[in-house]
Amino acid sequence: MAQQVMAPEGPPERGSAPDGGADSQLTVHEDRHAIEFGQVEVSLTPLEFALLRQLIREPGRVWRYDELVRQVWGTDHLGDASQVHAVVKRLRAKLGREHAPVIIEAVRGVGFRALRDQGAGSGRPRTVRPARP
């Protein structure tokens, strides 16, 4: 079963092509734990796939560590969040290698979010500091 997600809507986001062409459409293949964009398909481990699927469920939303652990790992035990960071690191590497139109941003001390971005091929992780009250 394939589902298109994070399709360009409205004005292009940071680093995206002005026309928002077909290469920026992300298709999720639940049956084979893979994502596809343009002519590229990226196979993911079940854990990487579950994490990415959770992040792109609501693009731009910051998912807290405890929410990700509960939704992806199915437990309430967070530990030190290193398990989340390890999977995000592997996922970023795979997405960056293939210049996927999605990036995973860290929000320091909070969690992660996924954003549509065709300029994501730089391979550099992004960190966003939360606003201070």
Mind listing just one residue for me: the one in region 60-91 that is of a type in the set (Gly, Ala, Ser) and either surrounded by 17 or more Cβ atoms within 10 Å (Cβ to Cβ) or part of a loop (DSSP other than H, G, I, E, B) (or both) and, of those, nearest to the chain's Cα centre (by Cα)?
GLY60
For region 35-53, check the following and say yes or no: at least one residue is surrounded by 13 or more Cβ atoms within 10 Å (Cβ to Cβ), touching a strand residue (DSSP E or B) at 6+ places or on another chain (Cβ under 7 Å), modelled with pLDDT under 90 and of a type in the set (A, V, I, L, M).
no
Being hydrophobic (A, V, I, L, M, F, W, C), at pLDDT below 95 and within 13 Å of the chain's Cα centre (by Cα) is the requirement here; does ALA100 meet it?
yes
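If I filter region 92-99 for residues that are of a type outside the set (Gly, Ala, Ser) and within 13 Å of ALA50 (Cα to Cα), do I get at least one hit?
In the first step, residues of region 92-99 are kept if they are of a type outside the set (Gly, Ala, Ser); the result is 92, 94-95, 97-99.
With the extra rule that they be within 13 Å of ALA50 (Cα to Cα), the set shrinks to none.
No.
The values are calculated or read from the model by the stated rules, or taken from the named source; none is laboratory data. Model, not experiment: these values are computed from the prediction. Neighbour counts run over all protein chains shown; Cβ positions are idealised from the backbone, glycine included.
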